[in-house]
Amino acid sequence: AQVFGSKILCVFENPVHSSNCASIIAFGIMSFFGFECSACKPSDPATSTVKVSLDHIAQEQEQGQMDQKHKESTELHAKLAEDAEREREQERLVREKAEEEARERAREAELARMEEERLLEQQRLFEQARAAEEERQLREALEASRREAEAAAAAAAAAAAEKERQHKEQELLAQERKAAVSAFLKKAGFAAVNTAKKSMMSSTYALHKAAEAGDDKLVAMLLEEGAVLGQKNSSGKTAAQVAEKKNKNGSHAKVLEILSSISTPGAKCGGA
């Protein structure tokens, strides 16, 4: 049996047979609705019967529309869920900030209360010090307090000085690191830490170059300067894979140790 849909395509794709196909289409429609033309009725119905599956086509279209609506509904629900989660996270952050501020205010209030109590106690001791013995005891207490304050001030000053020294040392190390990395990038022909250097059909990164050379200090400095650990060269290799390939008798062991420690959660590079 011939399919009615293929006859419709014949009218548009082959205009030469459009007249014949149009007659077949008309006959098929009449047959679908139960009408027959005695003048054009074929002598062999078994070979000329035309069937139109309009219900099937309508069902497919309806199913397609339902699938599209289901997809759009799923995407909408996913977006709404994501927005709700984001809003809950923002609310949580706001709530935590408010709680921290409340705790800070409570700490400040407690410190103020303690300071007030200390002043009241000092006043009480001062009043008791009117007598000679009490006054002597008070002077000794005040002297001890002064010495403790001076010691505490000296310790605080020493701690501040040490902190400042460490800060300057870190700044100096950072400057030296930046200078060393800049010199390496310039010498090796890299425009930036995470900018690939291309040559012919290949490309590589500064971290790959340092790892390949087995320069563990330079690898650490590049990572400190923001080199992306998981970057891959044109061969699809990471810096760690390049170092592993070059490792002979532990020649690149330190480089591999640094790269593996950075890939471990919570680990930090050994640089300043």
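Kindly list, by first and then second residue, each pair from a residue in the stretch 59-76 that is aliphatic (A, V, I, L, M) to a residue that is at pLDDT 90 or above, limited to pairs with Cβ atoms under 8 Å and residues at least 6 apart or on different chains.
If the second residue must be at pLDDT 90 or above, no pairs are left.
Give the stretch 125-139 a look and list any residue that's open to solvent by 100 Å² or more (accessible area, probe 1.4 Å) and out of contact with any Leu (no Cβ under 9 Å at 6 or more places or on another chain), or say none. Walk me through it before giving the result.
Our first condition is that a residue be open to solvent by 100 Å² or more (accessible area, probe 1.4 Å); within the stretch 125-139, this holds for 126, 130, 139.
Selection gives ARG130, ARG139.
Can you tell me which residues in the stretch 203-217 are of a type outside the set (Ser, Thr, Tyr) and under 15 Å from GLY189 (Cβ atoms)? Outline the logic, then answer.
As a first pass, look at the stretch 203-217 and keep what is of a type outside the set (Ser, Thr, Tyr): 206-217.
ALA206, LEU207, HIS208, LYS209, ALA210, GLU212, ALA213, listed by residue number.
Please go through (1) closer than 23 Å to SER251 by Cβ; (2) open to solvent by less than 40 Å² (accessible area, probe 1.4 Å) for LEU185 and return the number of the only condition it doesn't satisfy.
Condition (1) is where LEU185 drops out.
Considering only residues that are under 25 Å from the mean Cα position of the chain (by Cα) and open to solvent by 20 Å² or more (accessible area, probe 1.4 Å), which ones fall in the stretch 193-223? Before the answer, list the steps.
If we filter the stretch 193-223 for residues that are under 25 Å from the mean Cα position of the chain (by Cα), which is where we start, we get 193-196, 204-208, 219-223.
Hits for the stretch 193-223 are VAL193, ASN194, THR195, ALA196, THR204, TYR205, MET221, LEU223.
Yes or no: the stretch 152-163 includes at least one residue that is assigned to a helix (DSSP H, G or I), modelled with pLDDT of 90 or more and open to solvent by 80 Å² or more (accessible area, probe 1.4 Å). Show your work before the answer.
First pass over the stretch 152-163, keeping only residues assigned to a helix (DSSP H, G or I): 152-163.
Remaining after also requiring modelled with pLDDT of 90 or more: 152-163.
The next check asks that each one be open to solvent by 80 Å² or more (accessible area, probe 1.4 Å); those that pass are 163.
Within the stretch 152-163, one or more residues are assigned to a helix (DSSP H, G or I), modelled with pLDDT of 90 or more and open to solvent by 80 Å² or more (accessible area, probe 1.4 Å).
Name the residue that is modelled with the lowest pLDDT, counting only residues in the stretch 235-272 that are loosely packed, with under 14 Cβ neighbours inside 10 Å, among the small types (Gly, Ala, Ser) and assigned to a loop (DSSP other than H, G, I, E, B).
If we take residues in the stretch 235-272 being loosely packed, with under 14 Cβ neighbours inside 10 Å, among the small types (Gly, Ala, Ser) and assigned to a loop (DSSP other than H, G, I, E, B), then GLY266 is modelled with the lowest pLDDT.
Report whether or not LEU125 is more than 30 Å from ALA196 (Cβ to Cβ), touching a helix residue (DSSP H, G or I) at 6+ places or on another chain (Cβ under 9 Å) and either in contact (Cβ under 8 Å) with a residue 60 or more places away in the chain or of a type in the set (A, V, I, L, M) (or both).
Yes.
The values are calculated or read from the model by the stated rules, or taken from the named source; none is laboratory data. Note that this is a predicted model, so its numbers are computed, not measured. Quick reminder, even Gly has a Cβ in these numbers, built from the backbone with ideal geometry, and neighbours come from all protein chains shown. Please note that ligands, DNA and RNA were not included when accessible areas were found on the heavy atoms of the full protein model with its side chains. Shrake-Rupley method; radii C 1.70, N 1.55, O 1.52, S 1.80 Å.
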